[in-house]
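Student: Structure provided below as structure tokens; questions to follow.
The values are calculated or read from the model by the stated rules, or taken from the named source; none is laboratory data. Predicted model, so just to flag it, every value in this text is computed and none were measured. Cβ coordinates were reconstructed from backbone atoms using ideal geometry, including for glycine residues, and neighbour counts include every protein chain displayed.
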Amino acid sequence: MRILVADDDPQILRALRITLGAKGYEVITAADGAQAVSRAADHPPDLVLLDLGMPGLDGIEVIQALRGWSRAPILVVSGRTDSADKVDALDAGADDYVTKPFAVDELLARLRALARRAGEDETAGPVVRLGTITVDLAARSVHAAPDGDEGHAAPRQIRLTPTEWKVLEVLARHPGTLVSRGTLLTSIWGGEHVEDTGYLRLYVSQLRRKLEPDPARPRYLLTEAGMGYRLLPDGD
């Protein structure tokens, strides 16, 4: 199981990396909020341990960015003890909250509980259909129905670059919902690229060429002018 640990305290990062590694977890660390979002996009975690008071993007912004595309349980580990901070974190999408200083045994128990809950909730994963194209989020694959009437032919795989997949995945996990440009940029490239809308236009254009029957008149991957993008699959 892969765990992302995000905290700006190097001693805590080191201690958790050693402790969790000894328990058999694969540990990825991040020292600030933007790095946490970037590393989560590059190496999707099964669980996230997150401090709230980080430089750059704070913990709440990281939670909001991750919830744009990830269902991984998020355990906030923070020195903030005010109930308002806990409510804000949980409302943003966190699953649990532990205050610092914490007992390692309690932290490990909460991680096990979140992992069990995630396993119980996990299904085969949503499948999104765009006409003859199937996007399987669990398998991380995109296929088109065979050409012609040959029912025995295998579906044709549509190859996406890693970044094209990230853009599609964020949108596909929220079918029919407007996803803002800021959410997409932060989720995929980190907070330092929140103004780089040219990236999105480029990758959305590439996705349309691969997924739309008529890229010049998109039916599924829609632009909401000045706001963001919306994936409108069949049935929505």
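Student: Restricting attention to the range 1-34, which residues are assigned to a strand (DSSP E or B) and buried (at least 21 other Cβ atoms within 10 Å of the Cβ)?
Tutor: Within the range 1-34, Ile3, Leu4, Val5, Ala6, Ala30 qualify.
Student: If you don't mind, there's one more thing I want to ask. Only one of (1) in contact (Cβ under 8 Å) with a residue 40 or more places away in the chain; (2) more than 21 Å from Leu185 (Cα to Cα) fails for Leu13. Which number is that?
Tutor: Going through (1) in contact (Cβ under 8 Å) with a residue 40 or more places away in the chain; (2) more than 21 Å from Leu185 (Cα to Cα) one by one, Leu13 breaks only (1).
Student: Separate question: Please go through the range 143-190 and pick out each residue that is more than 21 Å from Pro44 (Cβ to Cβ), modelled with pLDDT of 85 or more and among the basic types (Lys, Arg).
Tutor: Within the range 143-190, Arg156 is the sole residue that qualifies.
Student: Looking at the range 62-72, is at least one residue charged (D, E, K, R), modelled with pLDDT of 85 or more and under 30 Å from Gly176 (Cβ atoms)?
Tutor: no
Student: Given the options Val98, Val48, Val37, Val76, name the one that is at pLDDT 85 or above and surrounded by fewer than 20 Cβ atoms within 10 Å (Cβ to Cβ).
Tutor: That would be Val98, the only listed residue that is at pLDDT 85 or above and surrounded by fewer than 20 Cβ atoms within 10 Å (Cβ to Cβ).
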